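Below: one structure, written as structure tokens.
Here, each number is a calculation from the coordinates, and none is a lab measurement. Just so we're clear, the structure is a prediction, and the values are computed from it rather than from any experiment. For neighbour counting, all protein chains shown are included, and Cβ atoms are generated from backbone atoms with ideal geometry for every residue, glycine included.
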Amino acid sequence: MRMCFVLTIAFGAVCGCGSDKPTPITNTAAAREIARLGVQTTGPATTIDIALPAQFTDGNYGPKEAACRAASYDLSTAAGMQVAFTGIDISELCGSEPAMIWVVTQGDSVVCAYKSVRPGSLAAPGIWAANDLACHS
């Protein structure tokens, strides 16, 4: 299904048109990265295809880029390019909030992974590095 969307809080207010597909997360770069990180997922995945901005200076991509960098990823390698964000609920809490993991891929390459609060949370910005100790089972 192709749709225009606005995702707030968990995705950090990304606006644009993209593909939003709830799908199983098997045999993909995102699934391999989630397994490598040892994260327990609790539902189907959603993949959003979107072009990243050329710079990550706003309140949306700035925190994502910082979380990526803190976990030794480099989101800037995909600046201005089309990527896929794959998000899925996880069994962990970040702070005291139910969490998701997002894996950013470009083709079969992982660009970044980070954790966020789930939709409906009031925590802001609600984004953590994939390896942040504030996120726990």
Output ³J(HN,Hα) for region 99-104: one whole-Hz value per residue in order, computed from phi by the Karplus curve 6.51 cos²θ - 1.76 cosθ + 1.60 with θ = phi - 60°, and x for Gly and Pro.
10, 10, 10, 10, 10, 9
Using the Karplus curve 6.51 cos²θ - 1.76 cosθ + 1.60 with θ = phi - 60°, work out ³J(HN,Hα) for each residue of region 66-83 in order, rounded to whole Hz, and write x for Gly and Pro.
5, 5, 4, 4, 5, 9, 6, 9, 10, 4, 5, 5, 10, 4, x, 10, 7, 9
Using the Kirkwood formula on the Cα atoms of region 89-137, what hydrodynamic radius do you get, in angstrom to one decimal?
11.0
Amide proton proximity set for ALA45, modelled H, under 5 Å, gap of 5+:
THR23, ILE25
Counting only residues 5 or more apart in sequence or on a different chain, those whose built amide H sits under 5 Å from that of CYS112 are VAL104
Near VAL104, within a Cβ-to-Cβ distance under 15 Å, what is the net charge of the other residues, with Lys and Arg +1 and Asp and Glu -1?
0
